[in-house]
Amino acid sequence: MSIYNNSHNEKALINGLVFIVDDEESVRKSLHNLLSSVGYQVQEFATAQAFLDTDLPKTPVCLILDMQMPDASGLDVAEKLSQNNITIPVIFLTGYGSIPLSVEAMKLGAQEFLTKPVNPDALLIAVDKALKWDRNNIQQRIEIADFTSRYQSLTPREKNVLEFIISGLLIKQIASELHVSEITIKVHKQKIMQKMFTKSLPELVRISERLNIISARTR
């Protein structure tokens, strides 16, 4: 999933964009009609993968996600978003409620956990709350997307060296660990700093923490 393009119609997104992921067409259409009737822009997806393959805009969004689907569960989708450092508010829908499921959903950052058939008023309240939350979260999401893009520009070896750098090891120690020369590590470090657009080690560590990069010492 790539994120934050500007391909969506900005005028249509004034009230917010709501993604619906549910394998039941009747449910998608019902939710679509309800949400569009109050001014929300809506996009439907019949499968989890179709949603994960789409782009997210630089505008407030929320995700209405079916808990049980043939290709992937709602929890699977939420975990995938988390792994990609994508934080968007999620409203889980399920045909039956259970405490374990709701607890797991909340651990993955769910804004709400609703059972089908969904009460229209409850859903609209949940969507409004989720979009308000995302309006406050957009800048953070854009920053994470930028950091992720920088990190992905690193080579596998540079990523490996980065893990040692943020662990606090000196150039000499990293060279010894990787069985290469100190000059090689110095070159890697310089390229890492350039690609990550950082001017200091503390700044590099801070970005790494935001991306949940694990240091070599904790492995």
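The values are calculated or read from the model by the stated rules, or taken from the named source; none is laboratory data. None of the values given here were measured: they were computed from a predicted structure. Here the Cβ positions follow ideal geometry from the backbone for every residue, glycine too, while neighbour counts run over all protein chains shown. Surface accessibility is based on the protein's heavy atoms, side chains included, excluding ligands, DNA and RNA. Shrake-Rupley method; radii C 1.70, N 1.55, O 1.52, S 1.80 Å.
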Subset of the range 33-68 [among the hydroxyl-bearing types (Ser, Thr, Tyr) and more than 20 Å from residue 124 (Cβ to Cβ)]: 47, 54
Count of the range 209-219 residues which are of a type in the set (Gly, Ala, Ser) and open to solvent by 80 Å² or more (accessible area, probe 1.4 Å): 0
Answer residue from the range 184-208, given it is open to solvent by 80 Å² or more (accessible area, probe 1.4 Å) and without any contact (Cβ under 8 Å) to a residue 40 or more places away in the chain and is farthest from the chain's Cα centre (by Cα) among those: 186
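This table checks each residue for (1) surrounded by 18 or more Cβ atoms within 10 Å (Cβ to Cβ); (2) modelled with pLDDT under 85; (3) more than 18 Å from the chain's Cα centre (by Cα).
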{"residue": "67", "(1), (2), (3)": "yes, no, no"}
{"residue": "77", "(1), (2), (3)": "yes, no, no"}
{"residue": "98", "(1), (2), (3)": "no, yes, yes"}
{"residue": "113", "(1), (2), (3)": "yes, no, yes"}
{"residue": "117", "(1), (2), (3)": "no, no, yes"}
{"residue": "122", "(1), (2), (3)": "no, no, yes"}
{"residue": "125", "(1), (2), (3)": "no, no, yes"}
{"residue": "138", "(1), (2), (3)": "no, yes, no"}
{"residue": "146", "(1), (2), (3)": "no, no, no"}
Candidate set from the range 19-62 (those that are part of a strand (DSSP E or B) and among the aromatic types (Phe, Trp, Tyr)); member that is surrounded by the most Cβ atoms within 10 Å (Cβ to Cβ): 45
Single residue of the range 171-219 satisfying the filter (outside any helix (DSSP H, G or I), of a type in the set (A, V, I, L, M) and at pLDDT 95 or above) that is nearest to residue 81 (Cα to Cα): 196
Subset of the range 166-183 [farther than 22 Å from residue 200 by Cβ, surrounded by 13 or more Cβ atoms within 10 Å (Cβ to Cβ) and small (Gly, Ala, Ser)]: 176
